[in-house]
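The values are calculated or read from the model by the stated rules, or taken from the named source; none is laboratory data. Not measured: the values here are computed from a predicted model. No Cβ is skipped: glycine too gets one built from the backbone with ideal geometry, and neighbour counts run over all protein chains shown. These area figures cover heavy atoms from the full protein model, side chains too; ligands, DNA and RNA do not enter into them. Shrake-Rupley method; radii C 1.70, N 1.55, O 1.52, S 1.80 Å.
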Amino acid sequence: MAVDEISAVQNERRWALAMGGVAAVMLAAIVWAGLGLHMNPPSNIETVDPNTLHVAGEFAENNLGTHVDSAGKITTRIVTTQFAFVPECVVVPQDMQVTFRLASPDVIHGLIVVGTNVNTMVVPGFVSQVHTVFDKPGDLLMPCHEFCGLGHGQMVAHVRVVPIADFRPDGDGRVTCDN
Amino acid sequence: MTINNRLILAHLWTAFAAFGVAILLGLWQMWVRSPLAAPLSTPDNYYLSVTAHGSAMAYVLTTFFIMGFGYFVAESALKQALPAPRLAWAGFVLGIVGTVLVVATVLSGQASVMFTFYPPLSASPLFYIGLVLVVVGSWIWCALMIVAMTRWKKANPGTPVPLAMYATVANAILWLWTTVGVAAELLFVVIPAAFGWTQTVDVGLTRTLFSWTLHAIVYFWLIPAYIAFYTMAPQAAGGRLFSDLMARGSFILFLLCGLPVGLHHLFMDPEHSSGFKTVQMMLTVLVAVPTLLTVFTVTASMEIGGRLRGGKGLLGWIGALPWERPMVLATGLSFFMLWFGGFGGLINMSYGMNAMVHNTSWVSAHFHMIFGGSVVIMYFAIAYHIWPNLTGRLAPSLVLQRAQLWLWAIGMMVMSLPWHWLGLSGQVRRVAQFDYADPSISWWAPWMIMSVVGGGMLVISAGMFIWNLVSFHFERTGAAKPGPVEYARALHPGVPVPAALNGFVLWNAFVLVLMAAAYTYPIAQFFILKPPQAVVHRVDRTP
Amino acid sequence: MDTIKESGANIEEPASALLIQPVPSGAFALAGAAVALLLVAWLVMYFFTFLPRGPVG
Ligand SMILES: [Cu+2]
Ligand SMILES: [Cu+2]
């Protein structure tokens, strides 16, 4: 190989090494967020039958919304359907771990809680699960973010984050936007 | 000089005709989303339009442009006639028939499922069959590119395949691999459901198969731009290709790394494990390597041009470049937009960080900047570069060409930059109308109007582009005849090219191994897990 | 009406060898600055948007 081409390839190698350094910095930050801070995308691979989920079980209508179990674990269950969230408003406490569990009986939907890292697809056949902590009180917008049909644009819900003092479960451990 | 000019022009004009219509739809969509009152603004029309815009830009503009440009490269770089031009015409006709089916089904409202399908939504079967025909037509192109290169190698033993052709064949092979995913999705799941032969679909499986295609298809679209970066821009700038070997290496890396990364489109999906998501995130980081190498190699090649033209100092060569040449100008503007598009893409691929932006306007901003901006501006530049050859006439006006390129880049920035912060503030994609009376989003209004203005600039630029090309055909042939298109020579010509960098057998074996590692389990899991299926939702019949 | 002159072909080989001596220092500077800026922008997003938006898992 000509001497000149060797020098060209050497220059390219220097550049590639520098780029490898840049990539390594980013990878380290991403891995740290994932392993150190447990900031991972929803990946629970848990199946549910979209055709029967409204009939009985976890996603039956009377189980939807926010529920505090006997151990104090807070779970918010929502069904995303053409073209509404059920329920359209959920209450969660500030500064406490909350688990969202979502399922779809019909087509693909998705959601983002605006201003937070809560973001997931809702794929019929699977339960989407996101753990999070909201650190500020307020009413957060939660639009459907995946095309699900002509009414897609109307599909918006709210997450009401309240201070712990205002988060009062009823006798069954339920908290709704109405009470 | 090329022989099958009519074939090439037929492909390129089909591509640009689709582009010309689709961009008008794009402007109307921005108008509908903005606070300004738009005519015909209903959800039905909006989703029909988004489907048409996406299908025309992503499938018709790209596929026909790439095929036409490939035929041009095969004849001009290899300096030999295309093998079997009749077959090439057959591929063209298949593509046209497919396009007509797609247009007819979309315009009649039978296929408002977006160009990404989203089963269990189900459109008219003719929509999917149309797309399959376009793809089958492009497979003929792939075969012809491979045959052209193989024949040339036999006739020229010991001589490396010219870089432009080597890269074109890399793209043809990449495309064959790429289309396996979407072809499987359409043929085994979506089309049977569309005909009513099956009543349910495995949604996770269809999403996974489509993800196989979804990243590599973008590399299929952008490789022509990279071919121009490496082989046309340095020549136009009076420079030399800094390293022919590195250029070949970059195209091979696109082939290797562009494919086993599609799960990064499913980071926010519940049906895949964080393990496979992480693996494909890491492979996605590797995908950045060939682009970063290209940025360096092409910049160095341009630097040679600038210095040969008298540019001094560390950066003086930049000003010394012949910016009045459309190819040079387009390359500069393309690299500028590549920074923004690349930045958006880096956030998208960063695993957990994807949660900030997934399915928001940020994503639209990213792909408009990188595809509509960096790539399509090079499609323009390539057209300007080869049209003299195809028509035998010199450009009527370089001033108009430059003005068109500038307007495109500025329009793209004006339109898509606001989408970044709107997306970060929770503006989702594919929503026709927002409630600007809501105080939490009322501040979006001026930015959305800015996007409409940017869209208007793009429409004007597109009109100028069509005009610039049409005016070639009406230019009288004068005494001055355009010379043949010359591809950039390497800075150090005559460097022996290793056999591995002159063929693809080895790399195909690598792709096979990588794809097996990346996708065997993510696909097989649906047959092991057997998740409950979802009932098909037809959009082509009103219940 | 302006036209493009045939470019590149008029370069004398010895001249090119002499002139391109500083190559690719300019490319290192320009492309390096662009990528450095890219990394800074990414880190800004990481520390000032992503982490403050709260934990998910
Ligand atoms: Cu939706
Ligand atoms: Cu991708």
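Quick check: is even one residue across the stretch B:239-248 surrounded by fewer than 24 Cβ atoms within 10 Å (Cβ to Cβ) and modelled with pLDDT of 95 or more? Yes, some residue in the stretch B:239-248 is surrounded by fewer than 24 Cβ atoms within 10 Å (Cβ to Cβ) and modelled with pLDDT of 95 or more.
With respect to (1) surrounded by 22 or more Cβ atoms within 10 Å (Cβ to Cβ); (2) more than 14 Å from chain A (Cβ to nearest Cβ); (3) of a type outside the set (S, T, Y), the lone exception for B:M353 is condition (2).
Can you name every residue in the stretch B:267-313 that is in contact with a His (Cβ under 9 Å, 6 or more places away or on another chain) and either within 16 Å of ligand 1 (Cβ to nearest atom) or in a helix (DSSP H, G or I) (or both)?
Step one: filter the stretch B:267-313 for residues in contact with a His (Cβ under 9 Å, 6 or more places away or on another chain), giving B:267-268, B:277, B:280-281, B:283-284, B:287.
Those that are in contact with a His (Cβ under 9 Å, 6 or more places away or on another chain) and either within 16 Å of ligand 1 (Cβ to nearest atom) or in a helix (DSSP H, G or I) (or both): B:M268, B:K277, B:Q280, B:M281, B:L283, B:T284, B:V287.
Name every residue in the stretch B:258-282 that is away from ligand 2 (no atom under 11 Å from the Cβ) and open to solvent by 10 Å² or more (accessible area, probe 1.4 Å), in order of residue number. Result: B:S273, B:S274, B:G275, B:F276, B:T278, B:V279, B:M282.
Are any residues in the stretch A:100-118 open to solvent by less than 10 Å² (accessible area, probe 1.4 Å) and either within 14 Å of ligand 1 (Cβ to nearest atom) or part of a loop (DSSP other than H, G, I, E, B) (or both), and if so, which ones? Result: A:L102, A:S104, A:V107, A:I108, A:H109, A:G110, A:L111, A:I112, A:V113, A:N117, A:V118.
Within the stretch A:123-158, take every residue that is among the acidic types (D, E) and either open to solvent by 40 Å² or more (accessible area, probe 1.4 Å) or more than 7 Å from every other protein chain (Cβ to nearest Cβ) (or both) and give me the one that is nearest to ligand 1 (Cβ to nearest atom).
Step one: list which residues in the stretch A:123-158 are among the acidic types (D, E), which gives A:135, A:139, A:146.
Filter once more, keeping what is either open to solvent by 40 Å² or more (accessible area, probe 1.4 Å) or more than 7 Å from every other protein chain (Cβ to nearest Cβ) (or both): A:135, A:139.
Values: A:D135: 28, A:D139: 20 Å.
Taking the candidates together, the pick is A:D139.
Of all residues in the stretch B:48-56, at least one satisfies being under 17 Å from the mean Cα position of the chain (by Cα) and among the aliphatic types (A, V, I, L, M). Contact annotation: residue pairs with Cβ atoms under 9 Å, 6 or more positions apart or on different chains, pairing a residue in the stretch A:71-93 that is open to solvent by 30 Å² or more (accessible area, probe 1.4 Å) with a partner that is among the basic types (K, R) and more than 16 Å from ligand 1 (Cβ to nearest atom), are A:R77/A:R101; A:C89/A:R160. Scanning for something away from ligand 1 (no atom under 16 Å from the Cβ), under 30 Å from B:L321 (Cα atoms) and within 11 Å of chain A (Cβ to nearest Cβ), does the stretch B:253-266 turn up at least one residue? Within the stretch B:253-266, one or more residues are away from ligand 1 (no atom under 16 Å from the Cβ), under 30 Å from B:L321 (Cα atoms) and within 11 Å of chain A (Cβ to nearest Cβ). Taking the stretch B:504-543 as the range and being surrounded by 13 or more Cβ atoms within 10 Å (Cβ to Cβ), farther than 30 Å from B:F127 by Cα and either in contact with a Lys or Arg (Cβ under 8 Å, 6 or more places away or on another chain) or without any contact (Cβ under 8 Å) to a residue 24 or more places away in the chain (or both) as the test, only B:L529 passes. Quick one: would you say B:S334 is within 16 Å of ligand 1 (Cβ to nearest atom), more than 7 Å from every other protein chain (Cβ to nearest Cβ) and in contact (Cβ under 8 Å) with a residue 60 or more places away in the chain? It is false that B:S334 is within 16 Å of ligand 1 (Cβ to nearest atom), more than 7 Å from every other protein chain (Cβ to nearest Cβ) and in contact (Cβ under 8 Å) with a residue 60 or more places away in the chain. Residues in the stretch B:84-117 that are within 14 Å of chain A (Cβ to nearest Cβ) and out of contact with any Phe, Trp or Tyr (no Cβ under 6 Å at 6 or more places or on another chain): B:G109, B:Q110, B:V113, B:F115, B:T116, B:F117.
Of the listed requirements (1) part of a helix (DSSP H, G or I); (2) within 21 Å of B:I449 (Cβ to Cβ), B:V21 misses just one: (2). Please indicate, with yes or no, whether at least one residue in the stretch A:161-176 is buried (at least 20 other Cβ atoms within 10 Å of the Cβ), within 16 Å of ligand 1 (Cβ to nearest atom) and under 18 Å from the mean Cα position of the chain (by Cα). No, the conditions are met nowhere in the stretch A:161-176.
The single condition among (1) open to solvent by less than 60 Å² (accessible area, probe 1.4 Å); (2) in contact (Cβ under 8 Å) with a residue 12 or more places away in the chain that B:E486 does not meet is (1).
Looking at B:L144, B:L131, B:L163, B:L121, can you tell me which residue is in contact with a Cys (Cβ under 9 Å, 6 or more places away or on another chain) and among the hydrophobic types (A, V, I, L, M, F, W, C)?
Details: B:L144 fails: in contact with a Cys (Cβ under 9 Å, 6 or more places away or on another chain); B:L131 fails: in contact with a Cys (Cβ under 9 Å, 6 or more places away or on another chain); B:L163 fails: in contact with a Cys (Cβ under 9 Å, 6 or more places away or on another chain).
One residue alone meets the criteria, B:L121.
Being in contact with a strand residue (DSSP E or B) (Cβ under 9 Å, 6 or more places away or on another chain), of a type outside the set (A, V, I, L, M) and open to solvent by less than 20 Å² (accessible area, probe 1.4 Å) is the filter here, so list the residues in the stretch B:420-459 that pass it.
Here is the first cut: in the stretch B:420-459, the residues in contact with a strand residue (DSSP E or B) (Cβ under 9 Å, 6 or more places away or on another chain) are B:422-429, B:431, B:435, B:438, B:440-441.
Among the residues that remain, those that are also of a type outside the set (A, V, I, L, M) are: B:423, B:425-427, B:429, B:435, B:438, B:440.
Answer for the stretch B:420-459, where residues must be in contact with a strand residue (DSSP E or B) (Cβ under 9 Å, 6 or more places away or on another chain), of a type outside the set (A, V, I, L, M) and open to solvent by less than 20 Å² (accessible area, probe 1.4 Å): B:G423, B:G426, B:Q427.
If we scan the stretch B:396-404, do we find a residue that is open to solvent by 30 Å² or more (accessible area, probe 1.4 Å) and basic (K, R)?
Of all residues in the stretch B:396-404, those open to solvent by 30 Å² or more (accessible area, probe 1.4 Å) come to B:396-397, B:399-400, B:402-403.
Filter again for basic (K, R), leaving B:402.
Yes, the stretch B:396-404 has at least one match.
One residue is enough: does the stretch B:152-162 have a residue meeting the conditions open to solvent by less than 20 Å² (accessible area, probe 1.4 Å) and of a type outside the set (D, E, K, R)? Yes, the conditions are met somewhere in the stretch B:152-162. Here is the figure for the stretch B:73-96: residues that are closer than 27 Å to B:G26 by Cβ and either open to solvent by less than 40 Å² (accessible area, probe 1.4 Å) or at pLDDT below 95 (or both) total 2.
What about A:M155, is it within 16 Å of ligand 2 (Cβ to nearest atom), closer than 19 Å to B:T360 by Cβ and out of contact with any helix residue (DSSP H, G or I) (no Cβ under 7 Å at 6 or more places or on another chain)? It would help to see each step written out before you state the result.
Working: within 16 Å of ligand 2 (Cβ to nearest atom): no; closer than 19 Å to B:T360 by Cβ: yes; out of contact with any helix residue (DSSP H, G or I) (no Cβ under 7 Å at 6 or more places or on another chain): yes.
Spelling it out, it is not the case that A:M155 is within 16 Å of ligand 2 (Cβ to nearest atom), closer than 19 Å to B:T360 by Cβ and out of contact with any helix residue (DSSP H, G or I) (no Cβ under 7 Å at 6 or more places or on another chain).
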